[in-house]
Structures are given as C-alpha cells and as structure tokens.
Amino acid sequence: MRLCDLGLSLPGTALQRRIDRLYGELRRAGLVFRPYVWLSTDWFTPEGSTGFAVPFYLAHRRLVRLEHAMMFEAEGSKHAGCMKLLRHEAAHAFDNAYRLHARGDWRRTFGNYSAPYRAAYRANPQSRDFVQNLGMWYAQSHPAEDYAESFAVWLAPLSRWQKAYAGWPALQKLRALERMVQDVGDLPPAVSSRDRPESLPRLKLTLREHYKKQQASYAMTEPWHHDREIALVFDPPETTASRVRAAAFLRSQRRNLRAKVSSLTGQHRYVVDQALDAMRQRCKELDLRLSRPRGEAQLGAAVLATMVTLGLARRRRPRFRR
C-alpha cells in the first residue's frame, strides 16, 4: 500500500489529543501562537515554517505496531515521549513565527543560528550548560537545538526547571529564554505559513519501500575492528570447556541489550540492532563461547555493544530533523 492511500487524518486520534494538550500548554504559558501539524514520515520543522510534521504511524495503533516490528521502536508512541517531541518541534515553529533567532539576546544566549549542522556531534555528558529534554544531550548538537530543548523544558507543566537546574549555567539560558518568549508571546506572529512539505497525501512510495529506505539509513557500513574487545568478553573453544556459544547468548539477550544500549547512547534501536548483528556474526566466525558468569557476560556484551553502536553513530547525522 502507498503512504498516500492510507487515508489517515489527525482528528479523533490520540495524537490529536496530545496536540490539543500542547495547545493548552501554550495557552497557559500566555502564548497566542499555535503551530499547525501535518502527517509525514518523520518529526521535522521546515526552515521558516510555523508548523511541523509528525510521523504517520502515530495516527493509527496498527501502524504503531508495524513501526515497532520494522524499526524496534516507534518514537512518540508513548505519551510522555510524544509530548517532549511536540514541545521541541513547537519551539522551532515558534522561533520561525517570531524570528527569535535574529535577536541579539538569542545569539548571546544560544550562539550562531546559521552555524552548519555537523554530520555528527560529540556531547559532553558532564556539561551543565545544556538542559535535557529528548535525551542524548541533544541540546549540544546545534544552537537551534539548544534553544528548542530549552523551550521544551520551559514549557513543560510542573517541570520545576528553576529547581531542577539550580546552580547550572543552563538556568541562565532558561531565564533568558523566558524573557524573550514573554516579550513576544502575546503578539500576533510576525510570520505565518501554511506549507506542508512531504505531507502524507503526496507520498507515493509504498510502506515496503518506506521501511526499506528507513532500514538502509541505519545499515551497518563500518568494517569490524573490535576483535580485541570481543576477546575480553567471550573465549575461543580451545581455551574453555563451555559449550554455550556466544552467538546464541547474544541472540537470547538481544531485546534486553537493544533497549539498554539505545537508552544509554540515545541511538535508534535499529542502529543498536545492527551493532548486535555484527557482534553475533563475528562470534560465529570465531566460534566464541560463553565461559563467564551470565551477569558478567551481560555487562561485557552491553559495553561492547555500546562501543560498536557509537562507532556507527559517528558517521550519522543527529537523530532528529529540523
């Protein structure tokens, strides 16, 4: 089936109720702005648009299950995660509506909006200069994302950001953001748009083609170069009497490792799954065995999977599109 033939719409869905909840949060914050929302294949806010796209699968529970089956996760399918994403994208739309990034105080607070997006970004987990909303220290990827993550934290009900970030330099950003937003929040937007790039009714590719493309974007392309590390976790048959094959052990731990490493690294579960596939294949080639206690082996496998996943991630773009 082609995406344009799915016949999906927002009214009456759980997604629409969450969008309405977002509008309520904007209203309670004293903001007159309301972004428009359309269905596409991903979360993104086009440059200059005062609305944003959300993934089509969120409009139907059966499609959420399909997304899980094909990609091992469905971003935004849980209420809390969906609201974080909605606030983040609403921040970009709000910025476009009021041209906030053109203000001097925006640049002094967040940096140069026109700075190029890097193919990948290196985050400092110890830094207190940035808030946390979507995870994986995404605010560190670009000044525009620093702003959007800060806006999302500021907007969230009961976030208690004044207390949560007390003593952090990030708190000064939140206070500066609040001043900027309140400065324009009760004014009509300076920019209004109705464009809907990549909207679902225009997408002719089939579901099969869509997921083939999605999976290819996360495919394993790096050569394997972790033999030294894998030897610290599993053993060759000549050095152990164990008959438990490492590949079979990894298969049994796959779901648990996929979830843990994805949560730790902030990488899509399909990327982690590609890393686990590479680990299993190398274990088969070397006929490695499990000779350590299972708890110790689980920890070692998680560390190795994290290393391989981060190696893949260094060649990838940030997870969310603007």
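Side notes on the structure shown:
- DSSP beta bridges in the chain [antiparallel fraction, %, rounded to 5]: 45
- C-alpha center-to-center spacing [segment 31-96, segment 142-163] in angstrom: 17
- For the Cα trace of the chain, dividing Rg by the Kirkwood Rh returns an Rg/Rh value of 1.03.
- Here the Gaussian network model covers the chain, with springs between Cα atoms less than 10 Å apart; of Val303, Val181, Val244, Val244 fluctuates the most.
- Using a simple spin-label model with pseudo-atoms 7 Å out from Cα toward Cβ, Lys212 and Ala14 lie 3.1 nm apart.
- Charge dipole of segment 3-202 about the Cα centre (unit charges at C-beta), most positive-ward option of Tyr36, Gln162, Leu134: Gln162
- ³J(HN,Hα) computed for each position of segment 101-118 - Karplus, 6.51 cos²θ - 1.76 cosθ + 1.60, integer Hz, glycine/proline x: 5, 7, 7, x, 5, 5, 5, 5, 7, 10, x, 8, 4, 7, 4, x, 6, 7
- Each Lys and Arg adds +1 at its Cβ and each Asp and Glu adds -1 at its Cβ; summed about the Cα centre, the chain shows a dipole of about 540 debye.
- Overall, segment 52-136 carries a charge dipole of about 80 debye about its Cα centre when +1 sits on the Cβ of Lys and Arg and -1 on the Cβ of Asp and Glu, all other atoms neutral.
- Long-range HN-HN contacts of Tyr36 with modeled amide H, under 5 Å: Gly51, Phe52
- By average C-beta atoms within 10 angstrom, highest first, the peptides 64-75, 182-193: 64-75, 182-193
- Remark on segment 219-313: hydrodynamic radius 13.1 angstrom, per the Kirkwood mean of 1/r across alpha carbon pairs.
- Packing, taken as the mean count of other beta carbons within 10 Å per residue, orders the peptides 290-300, 273-283 from highest to lowest as 273-283, 290-300.
- Across segment 187-193, rounded Karplus estimates of 3J(HN,Hα) from the backbone phi angles (6.51 cos²θ - 1.76 cosθ + 1.60, θ = phi - 60°) give 9, x, x, 6, 10, 9, 9 Hz, Gly and Pro being marked x.
- A Stokes-Einstein calculation at 25 °C with viscosity 0.890 mPa s, built on the Kirkwood radius of segment 1-141 over Cα pairs, returns a diffusion coefficient of 146 µm²/s.
- In the chain, taking the dipole from charged Cβ atoms about the Cα centre, the farthest positive-side position among Val303, Gly76, Ala97 is held by Gly76.
- Contact order normalised by residue count of the chain, Cα under 8 Å, 6+ apart, percent: 22
- The helix-based estimate of mean residue ellipticity at 222 nm for the chain, built from -39,500 (n - 2.57) per DSSP H run of four or more residues and divided by its residue count, is -15500 deg cm²/dmol to the nearest 500.
- Sites Asn112 and Ala241 - FRET efficiency at Förster radius 51 Å, r taken between beta-carbons, to 0.05: 0.25
- If the chain linking Ala164 and Arg128 were pulled fully straight, counting 0.36 nm for each residue of separation and taking away their Cα-Cα distance, it would gain 11.8 nm.
- Span-rule helices in the chain, defined as complete DSSP H runs reaching 20 Å or more along the axis (Cα) with Kyte mean at least -0.5: 79-98, 169-184, 294-313
Each reported figure results from applying straightforward, stated rules to the coordinates on display, with no laboratory input. Computed from a predicted structure; not experimentally measured. Heads up, the Cβs are rebuilt from the backbone with ideal geometry, glycines too, and the neighbour counts pull from every protein chain shown.
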